[in-house]
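**Q** Mind looking over this structure? Questions follow.
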Amino acid sequence: VSIPSEEDSILRAASLGIEYVELTFAPPLKGRIRALSRALGSACVKVVSFHGPFGLAYDIGSFDPKGRREALKRHKEHLRYCAQLGATCYVIHPGFESYGYSRGGRWNDAKKVGTFPREESTIERLWKTNALSLAELADFAADSDVRIALETGPSNMITTLETVHMAKLAKRKNVGVCVDTDHVNVGGTVKPSDAIRQTGRLLWFLHLNDNKGDGDFHLPPGRGNIDWVAVARALREVSYDGVLNLELGERKRREDVWSEVKEGVAFLRRIFD
Ligand SMILES: [Mn+2]
């Protein structure tokens, strides 16, 4: 399960019988790696993934060279945390904030997704800029056990095929994809099971969550309209052998999230057993 990088959440996950976690970029990790590692050790919880930060300051697709350089510097700092924590996967969002906002894109807080105006003349440049950044981060991480997984976004903004395209454009063995089922399901045009097939052998990590196609709500599997039997079948087809990781809730609803985690775990056990 994806949890904030804090000792309490690690202990809470352990108390629910969860063996593997993805730690996220919040709260800030500077100076806390040792304490977190100790908590993980004593709780017998293994970090399999680290979720890198996102937003304008972390935009790896920025066309502004200085902005992109700063973003890469910040990601490298987090790649170091990722390796220090013993996580083998760094999940990163494609960078499109600068592109989208400079072309009139808006954030829709009701649906938790942005509008993303595309220009045919510049969209390939955006994917190439992302790929260039991914290659640089992959080279930075090459001496560690950390692999980089580019996360699929809401399908009204970016398709799974475009995400896979970027990961391949980077031309690095340590760049793959993390499929977020809830993101893929936004708009209802792409089935998460098909997104998994499109990702194929590049599928290295999962954010499992649900919605009814009407927004990016990160609900527990079973509460939306995703066909989970089809998801399980697709995962077998692509020989996915990683962790079934739940990424639920919004940070402000902390207490509710744990009951959603219990619900999600029970649901996945029924589907996958
Ligand atoms: Mn996600």
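**Q** When you go through ARG69, ARG103, ARG12 one by one, which is the residue that is open to solvent by 80 Å² or more (accessible area, probe 1.4 Å), basic (Lys, Arg), without any contact (Cβ under 8 Å) to a residue 24 or more places away in the chain and away from the ligand (no atom under 16 Å from the Cβ)?
**A** ARG69
**Q** Since ASP216 meets every condition but one in (1) at pLDDT 95 or above; (2) touching a strand residue (DSSP E or B) at 6+ places or on another chain (Cβ under 8 Å), which condition does it not meet?
**A** (1)
**Q** Output the residues belonging to the range 186-202 that are closer than 17 Å to HIS93 by Cβ and surrounded by 23 or more Cβ atoms within 10 Å (Cβ to Cβ). Show your work before the answer.
**A** Kept after step one, since they are closer than 17 Å to HIS93 by Cβ, are these residues of the range 186-202: 186, 195, 199, 202.
Within the range 186-202, VAL186, ALA195, THR199 qualify.
**Q** On to the next question. Which one is farthest from the ligand (Cβ to nearest atom) among residues in the range 168-179 that are without any contact (Cβ under 8 Å) to a residue 60 or more places away in the chain, open to solvent by less than 10 Å² (accessible area, probe 1.4 Å) and more than 17 Å from PHE140 (Cβ to Cβ)?
**A** Across the range 168-179, the extreme among qualifying residues is VAL177.
**Q** Identify, by number, the condition in (1) crowded, with 21+ Cβ neighbours inside 10 Å; (2) charged (D, E, K, R); (3) more than 12 Å from the ligand (Cβ to nearest atom) that ASP182 doesn't meet.
**A** (3)
**Q** If you scan the range 130-157, which residues turn out to be in contact (Cβ under 8 Å) with a residue 60 or more places away in the chain, buried (at least 20 other Cβ atoms within 10 Å of the Cβ) and not hydrophobic (A, V, I, L, M, F, W, C)?
**A** The answer is ASN130, SER133, GLU151, GLY153, PRO154.
**Q** What is the residue count in the range 44-66 for residues that are away from the ligand (no atom under 16 Å from the Cβ) and open to solvent by 20 Å² or more (accessible area, probe 1.4 Å)?
**A** Going through the range 44-66 one residue at a time, the tally reaches 8.
The values are calculated or read from the model by the stated rules, or taken from the named source; none is laboratory data. None of these values were measured; they are calculated from a predicted model. All Cβ positions, glycine included, derive from the backbone under ideal geometry; neighbour counts span all protein chains shown. Note: accessible area is taken over every heavy atom of the protein model, side chains too, but ligands, DNA and RNA are not part of it. Shrake-Rupley method; radii C 1.70, N 1.55, O 1.52, S 1.80 Å.
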